[in-house]
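**Student:** Here you go, one structure.
The values are calculated or read from the model by the stated rules, or taken from the named source; none is laboratory data. All values derive from a computational prediction rather than experimental measurement. Ideal geometry is used to build each Cβ from the backbone, glycine not excepted, and the neighbour counts take in all protein chains shown.
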Amino acid sequence: DESEVGNIQDAIAAQQRVQVDEVRIAFPESVESKREIADLREKNSALEQRVEEQERRIIDLEKKYRVLLMIVSALEWNFLFLELLVKGREVLV
């Protein structure tokens, strides 16, 4: 009985080793796939940096746009003031 139990255990262990080998064959973790994963992580990191740079650039452009709007508004007020001065002068003359 003990020898039969030992044989059965050996057969089960052998079957498990075969199953593990089959899984390894079906899903190989090759050095190449690890390199591909590392490359993809590098590319992802580079893309994230580009996105951050673009976001900073957009913020800078928005600030410049607001400054330009203030300048245009000031110029419009100056133009209106000059028109009033000219009209006032015409009235005086």
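**Student:** Output the number of the condition that residue 2 fails; it satisfies all remaining conditions of (1) surrounded by 10 or more Cβ atoms within 10 Å (Cβ to Cβ); (2) modelled with pLDDT under 90.
**Tutor:** In the conditions (1) surrounded by 10 or more Cβ atoms within 10 Å (Cβ to Cβ); (2) modelled with pLDDT under 90, residue 2 misses (1) alone.
**Student:** Answer yes if at least one residue in the range 24-38 is among the polar types (S, T, N, Q) and either at pLDDT 95 or above or in contact with a His (Cβ under 7 Å, 6 or more places away or on another chain) (or both), and no otherwise.
**Tutor:** Within the range 24-38 (the criterion being among the polar types (S, T, N, Q) and either at pLDDT 95 or above or in contact with a His (Cβ under 7 Å, 6 or more places away or on another chain) (or both)), the answer is no, since none of the residues qualifies.
**Student:** Regarding residue 35, is this residue of a type in the set (Lys, Arg), exposed (fewer than 10 other Cβ atoms within 10 Å of the Cβ) and assigned to a helix (DSSP H, G or I)?
**Tutor:** Taking the combined requirement at face value, the residue does not satisfy it.
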